[in-house]
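Colleague: Let me begin by handing over the structure; questions about it come next.
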Amino acid sequence: MERKVSRICLASEPNITYFLQVSWEGTVGSGFDITLTDGHSAWTATVSESEISQEADDMAMEKEKYADELRKALVSGSGSDTYRFIFSRESCHFSLEKELKDVSFRLGSFNLDKVPNSTEVIRELICYCLDTIAENQAKNEHLQKENERLLRDWNDVQGRFEKCVTAKEALEADLYQRFILVLNEKKTKIRSLHKLLGEIQQLENNLKPESEATCSESATEQDAIHEGSADEDGGASVPAPATLCKEDSLFSSPDVTDIAPSRKRRHHMQKNLGTEPKMAPQEQHLPGKERIGLPPHCLTP
């Protein structure tokens, strides 16, 4: 059976302290016992489930909601200013009200019976309070020991955590240093590659003007050679090697008749006749192109 003892003040006697005890099995809605005492006299009553249902019907409330309001007033809110307790010693009528701003409504009223031997009730109430205090003290001691154990565990965990943090920071610093070394090595390699690339490009740029100058000098020398050859020939133009080769090919072609044998035969005939031929007239009769392209032995008289 659950029991709750609280200290209350009556609205009619605010300077006098009363003690209210409520005990129930299961829930308050299934019925409860109520005991009121001022330390000298005691009053008690038993409220059944049917009476609670009747009070709920009179107030037009659901039974569960009404039982919850009774529990708050008698058990949870005994020391609150939200609820007012009224008791009459003459009629032994006990009632409780709930105040909402300027409005108050009655939650319930009970007729109490005066206990003939109030000393026994008070003694039982005091024993219950002492047992509750001892039980609560034992719970507090157990909770205190549990708190101390949890505090030790927490300190142990905190120490391990600090060690983990220190190891993590050391590992991060080591990894950072290694990363810096690798990064600097990569930067140095990249700079060396850039420098090597620049040197190669500079070397290529330096070689280009030299090759161009060499080509221009070769062209100038060839032009000078051609001009010198032209001056030696008395201003006559000397055919290019390609032209000479072409003319030689023309003379050596089967389609071109070689005039050298006929000239030899004529020369032989003139020698036999005792006449001296002149070369100039014969050469004049030959085309200009043939005179230039004939070999030297063909021009010999």
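The values are calculated or read from the model by the stated rules, or taken from the named source; none is laboratory data. Since we're looking at a predicted model, the values are computed, not measured. Using ideal geometry, Cβ is built from the backbone for each residue, glycine included, and neighbour counts are taken over all protein chains shown. All accessible areas refer to the heavy atoms of the entire protein, side chains included, with ligands and DNA or RNA removed. Shrake-Rupley method; radii C 1.70, N 1.55, O 1.52, S 1.80 Å.
Colleague: Amide H to amide H under 5 Å from Gly108: which residues, 5+ apart in sequence or cross-chain, H placed 1.01 Å off N in plane?
Modeller: Those lying under 5 Å, H to H, from Gly108 are Leu96.
Colleague: Leaving out ligands, DNA and RNA but keeping every protein chain, what accessible area does Asp156 have, in Å² rounded to the nearest 10, with a 1.4 Å probe?
Modeller: 70 Å²
Colleague: Could you please state how large a percent of the accessible area of the stretch 118-186 is carbon and sulfur, counting protein chains only and using a 1.4 Å probe?
Modeller: Heavy-atom surface of the stretch 118-186 belonging to carbon and sulfur, 1.4 Å probe: 61 percent.
Colleague: Rounded, prolate or oblate for the stretch 38-110? Axes are the square roots of the Cα gyration tensor eigenvalues, ordered a ≥ b ≥ c, and the cut-off for rounded is a/c under 1.5.
Modeller: Oblate, since a/c reaches 1.5 and b/c is not below a/b.
Colleague: If you don't mind, there's one more thing I want to ask. Where only protein heavy atoms count, and the probe is 1.4 Å, what is the accessible area per residue for the stretch 2-116 in Å²?
Modeller: For the stretch 2-116, the solvent-accessible area averages 54 Å² per residue.
Colleague: Which one of Gln177, Thr166, Ile126 is farthest out on the positive end of the charge dipole of the stretch 118-186, using unit charges on Cβ (Lys, Arg +1; Asp, Glu -1) and the Cα centre as origin?
Modeller: Value computed over the given set: Gln177.
Colleague: Moving to a separate point now. How large a share of the accessible area of the stretch 2-116, in percent, is made up of carbon and sulfur atoms when the probe is 1.4 Å and the other protein chains stay in place?
Modeller: For the stretch 2-116, the apolar C and S fraction of the accessible surface comes to 45 percent.
Colleague: Follow-up. Just subtract the alpha-carbon distance of Val103 and Lys65 from 0.36 nm times their residue separation and send over the number in nm, one decimal.
Modeller: Additional length available on full extension: 11.7 nm.
Colleague: Provide the solvent-accessible area of Lys187, counting protein heavy atoms only and rolling a 1.4 Å probe, rounded to the nearest 10 Å².
Modeller: Its accessible surface works out to 100 Å², give or take rounding.
Colleague: Averaged per residue, what accessible surface does the stretch 118-186 expose to a 1.4 Å probe, in Å²?
Modeller: On a per-residue basis, 88 Å².
Colleague: A further question on this structure: Return the FRET efficiency for the residue pair His142, Arg178: r is the Cβ-Cβ distance, R0 is 41 Å, and the value is rounded to the nearest 0.05.
Modeller: Rounded to the nearest 0.05, the efficiency is 0.15.
Colleague: Can you give the accessible area of Glu51, probe radius 1.4 Å, in Å² rounded to 10?
Modeller: 90 Å²
Colleague: Something else: Kirkwood hydrodynamic radius for the stretch 118-186: how many Å is it when counted over pairs of different Cα atoms?
Modeller: 17.3 Å
Colleague: At 7 Å along the Cα-to-beta-carbon direction for both Lys114 and Lys208, put a label point, then send me their distance in nm to one decimal.
Modeller: Result: 12.8 nm between the two label points.
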